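Visitor: Next up is a structure, given as structure tokens.
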Amino acid sequence: MAAPLSSKVGAPAASSKVKPKARVNATQQLARVRRWHAPTPNKLAPVDEEGRPMLAIYSLNTNERIEMAAAGERGGFSARDLDRAAHVLREPASGCEHPMDPRLLDLAYRIQSFFRAQEIRVVSAYRAPRRHRRSNHGLGRAIDMIVPGATDEEVAKFARELGFVGIGVYPSSGFVHVDVRQRSYFWVDRSGPGRRNRERGILGDLAARSDSQAVTRGERPTPPFNPLGDVDAWLRARAPHAPSQMPPDEDDEDDTPDTVDNTGY
């Protein structure tokens, strides 16, 4: 029997904490966004022994990188790899870890594979819930990402077709928010790093159509990930669930993080 994930909700990671950085001005932000989006020269996208693309996650906050072999073309990762992902995608300022939803990592894999990218660069993933503020980040169901070599609009356009997703474009901050949810919702937020959100919903018809097409493909939104017990057995047994079985979505309030250590980028 596989061991349960070692990550504990709200538990600090063993590694040192990352101190928040001071806010940058618009010129500095534009320069670092350009660096984030630039592929690393002479660096190939990782593949496994069978030549299948691997999911590579790089944290811009901690400079940590992992590569994970997928079970198939649509993703699928072992309990051990979910544990590794939870550590790299922890809240950097506090060191708190939280299990990441397996479907979220599957979506990241599909995005990386589609663009044949070297890696997924992460601005923010898990963030400990704050009083009176709700976010899918606090549930381990959201990643603010950059795909080197692709524009944020290109990434958002592809991700909106995946079904049962929240896709937010942040032009000033320079990333795409991707989450898993009961019903798709798309938005644009022009607030800068660490600023109060200025969210504007867009493409409502496309969101509904994307979910409908996902249902036609035989897909359903999955229930929240339960990391207790035999994780590998849970992954094997997970089956489509009807939307009515899902809990209400969390709103993504104050979604722009203010902690990014972009050393090397």
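Visitor: For H132, H137, which order do you get if you count the other beta carbons within 10 Å of each Cβ and list the fewest first?
Guide: Ascending Cβ contact count within 10 Å gives the list H132, H137.
Visitor: Distance in nm between label sites at R80 and T40, each 7 Å beyond Cα in the beta-carbon direction?
Guide: 2.3
Visitor: Along the three principal axes, how long is segment 81-203 when you take its alpha carbons, biggest first, rounded to the nearest angstrom?
Guide: 33, 32, 27
Visitor: For the residues V178, V188, what sequence is obtained by ranking on other C-beta atoms within 10 Å, fewest first?
Guide: So the ranking, lowest neighbour count to highest, is V188, V178.
Visitor: Per 0.36 nm of contour for each residue apart, how much would the distance between R200 and V47 grow if the chain were fully extended, relative to their Cα-Cα spacing?
Guide: Details: separation 153, 0.36 × 153 = 55.08 nm, distance 3.80 nm.
Extra length from R200 to V47 when fully extended: 51.3 nm.
Visitor: Further, regarding this structure: With r defined as the distance between the Cβ atoms of T27 and E154 and R0 fixed at 22 Å, what FRET efficiency is calculated, to the nearest 0.05?
Guide: It comes to 0.35.
Visitor: Can you tell me the mean projection area, over all orientations, of the convex hull of segment 93-150's alpha carbons? Units nm², please.
Guide: 4.4
Bear in mind that the values in this text are calculations on the coordinates, not laboratory data. Given the structure is predicted, the values throughout are model-derived calculations rather than measurements. Glycine also receives a Cβ, built like all others from the backbone with ideal geometry; neighbour counts cover every protein chain displayed.
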